Structure formats: C-alpha cells, structure tokens
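What follows is a short report on a single structure.
The values are calculated or read from the model by the stated rules, or taken from the named source; none is laboratory data. None of these values were measured; they are calculated from a predicted model. Heads up, the Cβs are rebuilt from the backbone with ideal geometry, glycines too, and the neighbour counts pull from every protein chain shown.
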Amino acid sequence: MKCRRCGQPAVIDVRRHNAAFCADCFVHHCREQVKRAIHDFRMVEPGQRILVAVSGGKDSLALWHLLRELDYEADGLYIGQGIGEYSDHSRAATVAFADERGWKLHEIDIRGEYGFDIPGAAHATKRAPCGSCGLSKRHLFNKAALDHGYPVVATGHNLDDEAAVLLGNVLRWETGYLGRQHPVLPESPGFARKVKPLVRMGEREMAAYCVIQGIDYIVEECPMAAGNKHLGYKDVLNGLEEQSPGSKAAFLFGFLERGHEHFAATAGEERDALGRCRECGSPTSNDELCAFCRLRERAQGVDAPVELGPTRRRNRGHARSARPTSAG
Amino acid sequence: MKVLLRNPRRELEIDGPTTVLALLQRLELNPESVLVIRGDTLVTRDARLADTDDIAIRPVISGGSTPA
C-alpha cells in the first residue's frame, strides 16, 4: 500500500477512510482529526487550560501528546486505583512519560487519600469492578479540575469506546445515558466541561500513533476488566467493521447527528434536579450522599485481592498449557 | 518467522513467506483489533513477511470503566 498523501510506502491502513499513510502523514492525519473534533464540537475555547485524565494507556498518553502538539495548555491527572501490579505499571508509565517531557502531572492515590481501592470496592459492592472504577474516576477528575481551576477535563475515549457504549445503551434503551452520550458534556454548577477529542479516532489508530511517536504505553490490559461486557461489544463491532469498513463511525456519528437530540431533554431534566452531597458538596441525585461518598463508606478498610476478569481467568489456564507451535 | 503475541504473552514459530492478512487469518485474529509490527516498524495488511522476520502482534483493544 502507498500513502494517500505522499505516495511513499504506507505503514498503517485506515479502511474507513479508504486510505493508508506513511508515518509522517499518519501523524498529520491524527492531528487534523483531533483539530476537527475540537472545532466541530466546540470542545475548548481559546486560552482554556485542559486537565487530561491519564492512565498510562495508549489513548490517554496519545491524547495528552496530541493536545500539546496542537499547542493547548494541557496538564495530566493520574489516579492510582490500587489494582496491584497493574496500577504500579500504569503509574510508572505515566510518570515516565510526563517526566521525559517536563509536563505537569497531578496525582491522586485513592487508597492513600480516601481509604479504599478498586478491588476492595468491587468486593464490598459485589458488583463489577469497572463500575466502581468509572464512578471514582469521574468524581475525582471533576473534583480535581474544579479544585485546580481547569475549566475543561479531556478523556481519551475514542471512536471504538463511544460506539461500544452506544451499543450497550441501545441494547437496553438506557434513555438517560443516551441523552448524556456526547463528545462534550457542558459545564454546569459543580461540573467542569468534559470533552472527548479522540472521538474521531479509532482505537487501532491511537495504538499506531503511540508506536510511531515512540510513546511507551502499557500494552497490558487491566486484569479486572478482562472479558467484560464493554470488550464484548467492541468485539462485535470490530466483526462488523472488518466486513463493512466505516460501520462504527456511521453508527456513532449517525446517532450524534440524528438520534441524540431525542434523548437530550431527559438528561437535562436529570441534571436540573440535582441536589448536593452532604459530605463533599458534589452534585447528586440523592439528597444525602453522592455515589462516590456512598462507595467510599462501603469500601473503606475492605482489603480484597485483585479478582481477575473472565478472560484473564480462562487465559491463566491457557498460558500454563500453551506450547510454541508451528502453523506452517 | 518468530511471532510474539500478547495478553497472554506467547511466542510462535510460523513458516513464511506469507502476508500480514494471511498470518492474522491463520491465527484467527481480526485485523481491526491488532497492530502488526516487523522489527520496529508497523506494516499494513498487504505486506509480505519473510521466514526470517521477527513479528510482534499487539492487541489494541482496551476497555473497562465506561465513559463519563
């Protein structure tokens, strides 16, 4: 394959754009796609500082890198979740990335500051760890943005993430979630603006961006997430994409252009009816405690091991029995 | 050729020459869900791989907590 822009040998194909790119032109393509997302969805106003939620994974590190390349004043926030060696590795990758470039990184250690961790929260609530993880991250990213004066929080959610969430929400007709699913959640009392500048970028493209730019991200997946429902939705969508390139983008952007408005009113009503948490003052639909403070109450002091997700449990057996084979 | 796979990490020996797409089909991997790297360089699905190549197949799918 040849690069669509310059005709040199290509290193990455992007089938939904019916294109392939050499390394330099692919980087240009990524910058243009992020610029377009920020512009089209009016994500950031001139001069606004951005707090980037970073995990050490490909999407968040690539996002931070791209925003800096595009001359945004973007600092990072890492949240330590206490997920054993996985958290140790993800923190090390994030800190090394920031230190090498001299970029400002804020850190929050949930166990140190709030007295619980994600394995303990999953054990205490008897629910999937990803729920506690997402809830904690949303609360703490927002709080950190307000505390440190960042009007905008940017997350590394990409096209694949958003399409998978949309599929999950449609399968259950979660009208409230559908109303809130958008690349921009506007600021409101108690909330910073939340933006997803990678919404036009596929997951495979973000990994390729990191490889090309020499960004050393953690390839390892979260052991507690392995095999979760969200990954199953991605698997289904990638099956469709392989047969019909552009399916994921058509699904997501079709919803944003023609479907979202039908659900947005529900989300607005929910947000207008919010009260305040008596513990931390955050907006909440509950008059007493917000979801994060309720989680903290239940999980504080609970000491639980890192429970492996279903795929990792299966692979543990597979890895023990795997032998190098020749499939020639 | 040597083929390194991740999650779980394992190494396979596969006869070449072949193409990236044929290799992925042989391993029952969706090209949408991986990157293929020869040495230090990404390769496209039509690239021909030689018997002496060192290949890494890197998964690109991650997921856990849902977007805000």
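Side notes on the structure shown:
- Qualifying residue in the stretch A:116-128 (condition: more than 23 Å from A:GLU205 (Cα to Cα) and of a type in the set (Phe, Trp, Tyr)): yes
- If you go through the stretch B:54-63 and keep only what is over 20 Å from A:CYS22 (Cβ atoms) and not in a strand (DSSP E or B), you end up with B:ILE61, B:SER62, B:GLY63.
Each row is one residue, and each column tells you yes or no for (1) touching a Lys or Arg at 6+ places or on another chain (Cβ under 9 Å); (2) at pLDDT 95 or above; (3) more than 9 Å from every other protein chain (Cβ to nearest Cβ).
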residue: A:GLY202; (1), (2), (3): yes, yes, no
residue: A:ALA207; (1), (2), (3): yes, yes, no
residue: A:GLN213; (1), (2), (3): no, yes, yes
residue: A:PRO223; (1), (2), (3): yes, no, yes
residue: A:HIS230; (1), (2), (3): no, no, no
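- The residues listed here are B:ARG38, B:ARG10, B:ARG45; of these, the one that is free of Cβ contacts under 8 Å to residues at least 40 places away in the same chain, touching a Pro at 6+ places or on another chain (Cβ under 6 Å) and not hydrophobic (A, V, I, L, M, F, W, C) is B:ARG45.
- Of all residues in the stretch B:20-35, those being more than 8 Å from chain A (Cβ to nearest Cβ) and free of Cβ contacts under 8 Å to residues at least 12 places away in the same chain number 3.
- Check on A:LYS126, of a type outside the set (Ser, Thr, Tyr) and in contact with an Asp or Glu (Cβ under 6 Å, 6 or more places away or on another chain): no
- For the stretch A:226-282, the tally of residues that are buried (at least 16 other Cβ atoms within 10 Å of the Cβ), touching a His at 6+ places or on another chain (Cβ under 9 Å) and either assigned to a loop (DSSP other than H, G, I, E, B) or among the polar types (S, T, N, Q) (or both) stands at 3.
- 3 or more residues touching a residue at least 40 places away in the same chain (Cβ under 8 Å) and within 14 Å of chain B (Cβ to nearest Cβ): qualifying strands (runs of 3 or more DSSP E) within the stretch A:1-113: A:50-54
- Residues (at pLDDT 90 or above and either among the basic types (Lys, Arg) or closer than 14 Å to A:PHE191 by Cβ (or both)) located in the stretch A:268-280: A:ARG276, A:CYS277, A:ARG278, A:CYS280
- Restricting the stretch B:12-50 to residues that are of a type outside the set (D, E, K, R) and assigned to a helix (DSSP H, G or I) leaves a set whose member that is farthest from A:ALA10 (Cα to Cα) is B:GLN25.
- Filter result for the condition that a residue is in contact (Cβ under 8 Å) with a residue 24 or more places away in the chain and more than 11 Å from chain B (Cβ to nearest Cβ), over A:PHE263, A:PHE253: A:PHE263
- Count of the stretch B:15-30 residues which are surrounded by 14 or more Cβ atoms within 10 Å (Cβ to Cβ) and over 12 Å from the mean Cα position of the chain (by Cα): 2
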